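Any read-out appearing in this document is the output of simple, stated calculations on the displayed coordinates, not a laboratory observation. Values in this document were obtained by computation on a predicted structure and should not be read as measured data. Please note: Cβ atoms are built from the backbone with ideal geometry, for glycine as well, and neighbour counts cover all protein chains shown.
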Amino acid sequence: MTTNPPKVPRPGGRSARVQAAVHAATAALIEEHGRAALTVPLIAARAGVTPSTIYRRWGDLAELLADLAAERLRPEGEPAATGSLAGDLLAWAEQYAEEMSSEVGLSMMRDVVAATGPGPDGRSVPSPCAGYTRAQIDVILARAAARGEPAPQVDAVMDTVVSPVVYRAMFGPAAITGERVRELVDACLRAPAPPAP
């Protein structure tokens, strides 16, 4: 386990400035006019770049929106440290569920999902958002290991806690409740550890 977020290359120099300008222009235009009014030429004009720059870098509007959403979903810091695995995981899961169930969180997840196409094997290409989530869980589990607490594997947390939160936010009749998040965390922590390979 690692306590560092995944290394996702960020563009440098002019490329970074273009990305920042296009992201800022896109966010401002969404705020001012709504998503339905967005076009690549409109974003390009606001960002001070040509439409071909956007098409070359992102391919289409859906990819640009997914990139902006993934950047916004990138955690700004490590999860809160409460002193125990149960406390850390619950605090993180409650915040995660609240953020993903919000209108902003739902909109960003939809953008990421809409732009996720099949890879060479026909399966969906993993979103960087999954890497961000795994890295946050890694931090929590590494803290537990340092304290000598038994801890589940990252995949167990992803399957038992993260997946139901995202599924309910995206497809459920209602967002997941705080009580249900606590039940999921408890179930994850009570599950027997998989046998060592």
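For S84 paired with A24, estimate the spin-label separation in nm (one decimal), with each label point 7 Å from Cα along the Cα-to-Cβ line.
Each label point is offset 7 Å from its Cα along the Cβ direction, giving 4.6 nm.
Test of the criteria: in the range 62-104, which GluC sites (Glu not before Pro) are in a DSSP loop and have at most 12 other Cβ atoms within 10 angstrom of their Cβ?
Sites meeting the loop and neighbour criteria: E76.
Report the full-extension gain for the segment R35 to R74: residue separation times 0.36 nm, less the Cα-Cα distance, to one decimal in nm.
So the extension gain works out to 11.9 nm.
So for each of 132-145, 80-93, 14-27 I average, over its residues, the number of other beta carbons within 10 Å; can you give me the resulting order with the highest mean first?
132-145, 80-93, 14-27
So what is log10(I(q)/I(0)) for the range 13-59 at q = 0.24, 0.28 1/Å, when the Debye sum runs over its Cα atoms only?
Debye curve over Cα of the range 13-59, log10 I(q)/I(0) at q = 0.24, 0.28 Å⁻¹: -0.80, -1.04.
What are the extents of the Cα atoms of the range 52-192 along their three principal axes, in Å, largest first?
For the range 52-192, the Cα extents along the three principal axes come out at 53, 34, 30 Å.
R0 = 22 Å: FRET efficiency of A142 with E94, Cβ-based, nearest 0.05?
0.65
Run the numbers for S102 and R182: contour at 0.36 nm per residue of separation, minus the present Cα-Cα distance, in nm.
Roughly 27.0 nm would be gained on extension.
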